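K.L.:
Structure in structure tokens, see below.
The values are calculated or read from the model by the stated rules, or taken from the named source; none is laboratory data. Because the structure is a prediction, the values reported are computed rather than measured. As a convention, Cβ positions derive from the backbone with ideal geometry for all residues, glycine included, and neighbour counts pool all protein chains shown.
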Amino acid sequence: MESNSTKNSVKTIAGQKGFSLIEILIALALLAGAGTFVAGKIFDQLHEGQVESTKIQMSSLADRLKEYRRHCGSYPSTEQGLEALIEKPAGGKECKRYNPGGYIEGGRLPKDPWDEDFIYESDGRKFNMFSLGQDREEGGEEKDADIYLYEKKD
């Protein structure tokens with residue numbers, strides 16, 4: 001024998017309607033729109049993090065270059081490149097006080113977040129260093145802009 005409350009709950013369940021296809025599609029479209037917005041913000045933050053990481057790496061390399069200069073009297077030339085921080089350069093101006101272990105721990109030059117080498121230019125008195133950035137091509141704007149250690153002077 002069924003009680004009244006059981007009959008009422010069966011009627012309520014049987015009388016309920018589900019969501020229509022239109023309602024489900026609208027909900028999915030709203031979720032997709034929100035997801036796109038959130039994903040865009042995440043990718044923007046990822047790019048900002050990569051740019052900051054690049055600047056930190058270049059700043060660290062600049063500190064190593066300054067140490068090289070204290071010991072050798074000048075920065076490595078463009079031809080000697082950043083490799084001079086790892087191994088004593090054979091050509092160019094000789095460095096008599098070169099640190100026997102090099103200037104970078106581990107003996108490997110860091111790469112930028114896009115797995116490319118930093119570009120280094122020097123006349124021995126001053127230097128510039130930059131990364132080609134996300135597009136891996138010289139120039140570019142916004143997210144494709146090159147990242148300079150020091151502001152580029154045209």
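K.L.:
Within region 105-115, take every residue that is modelled with pLDDT of 90 or more and either under 21 Å from Leu46 (Cβ atoms) or surrounded by fewer than 17 Cβ atoms within 10 Å (Cβ to Cβ) (or both) and give me the one that is nearest to the chain's Cα centre (by Cα).
P.N.:
Residue satisfying both the conditions and the ranking: Pro113.
K.L.:
Which one is modelled with the lowest pLDDT among residues in region 15-31 that are exposed (fewer than 10 other Cβ atoms within 10 Å of the Cβ) and part of a helix (DSSP H, G or I)?
P.N.:
Gly15
K.L.:
When you check Thr54 against the structure, is it at pLDDT below 90 and either among the hydroxyl-bearing types (Ser, Thr, Tyr) or closer than 30 Å to Ser122 by Cβ (or both), yes or no?
P.N.:
No; evaluated as a whole, the condition is false for this residue.
K.L.:
Residues of region 116-142 being more than 17 Å from the chain's Cα centre (by Cα), assigned to a strand (DSSP E or B) and without any contact (Cβ under 8 Å) to a residue 60 or more places away in the chain, which ones?
P.N.:
If the condition is that a residue be more than 17 Å from the chain's Cα centre (by Cα), assigned to a strand (DSSP E or B) and without any contact (Cβ under 8 Å) to a residue 60 or more places away in the chain, then Tyr120, Glu121, Ser122, Asn128 are the ones that fit.
K.L.:
Give just the number: which of (1) surrounded by fewer than 20 Cβ atoms within 10 Å (Cβ to Cβ); (2) touching a residue at least 40 places away in the same chain (Cβ under 8 Å); (3) part of a loop (DSSP other than H, G, I, E, B); (4) not small (Gly, Ala, Ser) does Pro76 not satisfy?
P.N.:
Of the numbered conditions (1) surrounded by fewer than 20 Cβ atoms within 10 Å (Cβ to Cβ); (2) touching a residue at least 40 places away in the same chain (Cβ under 8 Å); (3) part of a loop (DSSP other than H, G, I, E, B); (4) not small (Gly, Ala, Ser), the odd one out for Pro76 is (1).
K.L.:
From the set of residues in region 32-70 that are of a type outside the set (A, V, I, L, M, F, W, C) and touching a Phe, Trp or Tyr at 6+ places or on another chain (Cβ under 6 Å), which is surrounded by the most Cβ atoms within 10 Å (Cβ to Cβ)?
P.N.:
The residue in question is Tyr68.
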